[in-house]
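Below is one structure, written out as structure tokens; comments come after it.
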Amino acid sequence: LLLVGAGLLLRSFLNLLEVDPGFRKNSVVAVALSLPQSRYNFQQQREFANQLLPFIQELPSPLSVGIVSALPLSPLGREFDMPFSYDGLEVASPSERPTAKYRAASVGYLEAIGIPLIQGRSFDDFDREDGRKVILINQTMAEKYFPDREPMGQILQMPMVGEAEVIGIVGNVRHYGLEADVQP
């Protein structure tokens, strides 16, 4: 009985090793940095990140550098369900709007962690806070919420963000575990 249990456990482990998490598993270094909210408001945290990224990019060894509010497969970070709407989406009330997981990411994040860009473009240095807001969505969101229309170029209306244009579709990432479903 013990041998059968060990065999099943080993087979489950080997199956998990074959699951594609949606990002590069090797040659990636991640550092969790948490600024206390008691001392840094949201704008100060953003300014810190904007100053940190160029500093790290100047170091001699990294090939790609990026910042994200919540790393995949990590309980640390900041993400939340973001309700959204777009022209042509019919809902009875604002509370019935669809939601998607929202993470903030910097220029270079996709390249640093190896998330594939499927369509469109990634963030670049021209995408700044004072310009038009842009957003990337994953394949699951594109298939679920835009089955009969092209998601590229759609303008999403979101609380706290305002309007943001969909500029790219990225590959699916298993943020909540290798056995968990991919979320939009």
Note on region 79-150: C-alpha Rg/Rh, Kirkwood Rh, two decimals, gives 0.98
Cα pairs beyond 31 Å in the chain, in percent, come to 25 percent
Among beta bridges assigned by DSSP with both residues in the chain, the antiparallel ones amount in percent, to the nearest 5, to 70 percent
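Which residues make up the longest stretch of the chain clear of GluC sites (Glu not before Pro) that lie in a DSSP loop with no more than 12 other Cβ atoms within 10 Å, not counting the sites?
Working: sites that count: GLU18, GLU58, GLU90, GLU129, GLU179.
In short, 130-178.
Could you work out the local net charge near GLY120, counting Lys and Arg as +1, Asp and Glu as -1, over the other residues with Cβ closer than 12 Å to its Cβ? Write down the numbers at each step before the final one.
Details: positive: ARG121; negative: ASP124, GLU150, GLU165.
It works out to a net charge of -2.
Less than 14 Å Cβ to Cβ from ASN138, Lys/Arg counted +1 and Asp/Glu -1: what total charge do the surrounding residues give?
On the way: positive: LYS101, ARG103, LYS144, ARG174; negative: ASP20, GLU79, GLU143, ASP181.
Spelling it out: positives minus negatives among the neighbours equals 0.
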The size of the Cβ-based charge dipole (Lys, Arg +1; Asp, Glu -1) of the chain about the Cα centre, to the nearest 20 debye, is 560 debye
Between the residues SER93, ILE167, GLY7, the Cα farthest towards the positive end of the dipole of the chain, that dipole coming from +1 and -1 charges on the beta-carbon of Lys, Arg, Asp and Glu, is from GLY7
Diffing region 2-11: the Karplus 3J(HN,Hα) column from phi (6.51, -1.76, 1.60, θ = phi - 60°), in whole Hz with x for Gly and Pro, holds 5, 5, 5, x, 5, x, 5, 5, 5, 5
At R0 = 45 Å the Cβ-Cβ FRET efficiency linking LEU3 and LEU117, nearest 0.05, sits at 0.45
Sorted by accessible surface (1.4 Å probe, heavy atoms of the protein chains only), largest first, VAL91, VAL107 come out as VAL91, VAL107
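The values are calculated or read from the model by the stated rules, or taken from the named source; none is laboratory data. Keep in mind it's a predicted model, so treat the numbers as computed, not measured. Note: ideal-geometry Cβ built from the backbone for every residue, glycine included; neighbour counts use all protein chains shown. Keep in mind that these areas ignore ligands, DNA and RNA; they rest on the heavy atoms of the full protein, side chains included. Shrake-Rupley method; radii C 1.70, N 1.55, O 1.52, S 1.80 Å.
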